[in-house]
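The values are calculated or read from the model by the stated rules, or taken from the named source; none is laboratory data. This structure is a prediction, so every number in the text was calculated from the model and none was measured. Positions of Cβ are backbone-derived with ideal geometry, glycine not excepted, and every protein chain shown enters the neighbour counts. We work out accessible area using only protein heavy atoms, side chains counted, and drop any ligands, DNA or RNA first. Shrake-Rupley method; radii C 1.70, N 1.55, O 1.52, S 1.80 Å.
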Amino acid sequence: MIELSGHDQELLDGRHGDAAALAMRILVRAAALLGAERLLDIESAHIDGCLYHGQASLDFVERLVASGGKVVVPTTLNVGSLDLIHPELFRGDSGTRSQAQRLMQAHIELGCASTFTCAPYQGPNRPRLGQQIAWAESNAIVFANSVLGARTNRYGDFMDLCAALTGRAPYCGLHVEANRHGQVVFALQDFPQAHGSRDIWFAALGLFAGARTGASIPVFSGLPADTTEDELKALGAACATTGAVGMFHAVGITPEAGTLEQALGRLPAADTITVTRAQLQRTRAGLSRAKLGDRLAAVSVGTPHFSLTEFDELLQLLEAATEKPCIDFYVNTSRYILWELEQSGKAARLHTRGITIVTDTCTYITPVMRQTTGLVMTNSGKWAHYAPANIGVEVAFGSLRECVGSACAGQLVLDDHD
């Protein structure tokens with residue numbers, strides 16, 4: 001039996017509208033299935049269901065709109081199926097375009113902010129340490145829990161929206177302090193310390209660890225002390241791609257892992273796995289269907305969405321190159337980041353170097369790329385894992401520096417040490 005507050009009961013009884021009543025019924029039933037004894041207040045939500053997967057998703061959201069539903073906490077939106085800023089990029093059929101646009105618009109009518117990004121943590125209102133939230137989208141969930149120290153379970157369609165409409169979520173899982181301790185330790189032996197092409201190894205580590213962790217919480221020991229937020233982003237996104245990871249700890253880096261003992265909650269680890277660079281090289285090789293000199297069709301980066309810091313690095317690499325990319329080069333990012341790039345003049349500089357900026361969506365889930373036959377290069381573990389099945393391309397997996405070098409050459413180029 002779920003313990004309900006007076007306000008919860010009012011929501012269930014329909015005193016705050018039919019949409020909130022429906023959302024509350026779903027939440028209460030889900031809480032019972034999850035073993036939660038009560039609900040908790042949340043302070044923000046991030047919604048994954050604005051990506052069009054079929055008529056059912058549109059019907060559900062439009063029912064809420066017709067019932068007068070409005071979100072009651074600040075709510076951001078994940079990527080949709082269209083780039084509404086650059087609609088000319090969409091290469092799908094008109095029926096899908098229409099339905100996808102209706103779905104994105106319906107979420108805005110519910111009061112959600114039109115962010116359309118998988119990286120809401122790059123915006124101006126980031127969750128704080130200990131804040132209770134209800135976020136969906138696998139990388140956003142991992143980042144919020146791990147890097148920011150906020151608290152959310154792995155919410156998906158349509159639980160995230162129900163939480164946003166009621167301001168409530170089941171009190172269980174990663175919302176609970178005792179459930180946030182690490183269980184599986186990944187002890188890194190010779191992880192690359194120098195910057196340059198280091199980004200690829202964070203992605204490879206995440207893919208390796210996610211496949212061995214499942215739904216447990218991994219603890220990484222031995223990452224560089226100067227590990228960046230973008231590198232943690234790549235690590236978490238890859239973990240959540242090959243596993244059901246909702247949180248990780250990086251010893252000495254993330255806020256709930258000052259020491260290994262703290263990360264484990266002063267309990268013994270369920271398992272300790274030693275990770276060598278040779279193992280990470282095998283993981284990387286397992287995703288790449290290319291060899292040196294193979295011709296490329298395109299490059300796609302920004303899965304999760306590119307940050308301002310990553311754009312700065314990309315610009316430096318492009319402007320240091322002797323040639324411009326001779327193949328299509330796509331970068332996925334958010335509207336917020338695009339606005340910052342336009343204000344600083346960097347968007348124009350990127351355009352002159354042959355970069356296509358994609359907002360509101362991502363190239364591995366919607367038909368944006370001009371050429372989807374052949375070999376596409378990425379530095380994203382998530383993109384490399386999902387794109388072959390989603391859009392039918394073959395993948396070359398390399399660092400951002402290698403992506404730029406390969407785009408300029410039109411063929412796969414790797415750093416000497418790789």
Quick one: which of 128-138, 340-350, 224-234 comes out on top by average Cβ neighbours within 10 Å, and what's the full order, highest first? 128-138, 224-234, 340-350
Using the Cα centre of region 32-118 as the reference point, and only Cβ charges (+1 on K/R, -1 on D/E), how large is the resulting charge dipole? Debye, rounded to the nearest 20. 140 debye
Partner aspartates and glutamates whose C-alpha sits under 18 Å from that of Lys324, ignoring same-chain residues fewer than 8 away, are Asp312, Glu313, Glu402
Work out, step by step, the length gained on full extension between Ala66 and Glu10: first 0.36 nm times the residue separation, then minus their alpha carbon distance; give nm to one decimal. 18.1 nm
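I need the calculated FRET efficiency for the pair Arg212 and Arg25, taking r as the beta carbon distance and R₀ as 30 Å, to the nearest 0.05.
Values: r = 38 Å, r/R0 = 1.27.
E between Arg212 and Arg25, to the nearest 0.05, is 0.20.
Accessible area per residue for the chain in Å², computed with a 1.4 Å probe and the full protein assembly in place, what is it?
On the way: 16470 Å² over 418 residues.
Heavy-atom SASA per residue in the chain reads 39 Å².
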Dividing the helical contributions, -39500 (n - 2.57) per DSSP H run of n ≥ 4, by the residues of the chain yields a 222 nm value, nearest 500 deg cm²/dmol, of -11500 deg cm²/dmol
Reachable lysines from Lys233, Cα under 24 Å, same-chain residues fewer than 8 places away excluded? Lys346, Lys382
Kindly work out what percent of the DSSP beta bridges joining two residues of the chain are antiparallel, to the nearest 5. 10 percent
Express the carbon and sulfur contribution to the solvent-accessible surface of the chain as a percent, rounded to the nearest whole number, probe 1.4 angstrom. 49 percent
With just the Cα atoms defining each centre, how far is region 172-237 from region 144-164? Give it in Å. 19 Å
Let me see the P(r) profile for region 362-418: every Cα-Cα distance counted, bins of 10 Å, each bin given as a percent of all pairs. 24, 54, 20, 2
Give me the one-decimal Kirkwood hydrodynamic radius in Å for region 293-418, with the sum taken over alpha-carbon pairs. 14.4 Å
Once R0 is set to 22 Å, what does the formula 1/(1 + (r/R0)^6) return for the Cβ-Cβ distance between Leu33 and Ala56, expressed as a FRET efficiency to the nearest 0.05? 0.65
Contour minus end-to-end for Gln281 and Arg266, with contour as 0.36 nm per residue of separation and end-to-end as the Cα-Cα distance? 2.2 nm
For region 151-236, with the dipole built from +1 on Lys and Arg beta-carbon atoms and -1 on Asp and Glu ones, taken about the Cα centre, which of Gly173, Ala204, Gly222 lies farthest toward the positive end? Gly173
P(r) histogram, all alpha-carbon pairs of the chain included - 10 Å bins from 0, percent: 5, 22, 31, 26, 13, 3, 0
Note down the magnitude of the dipole of the chain about its Cα centre, charges +1 on Lys and Arg C-beta and -1 on Asp and Glu C-beta and zero elsewhere, to the nearest 20 debye. 460 debye
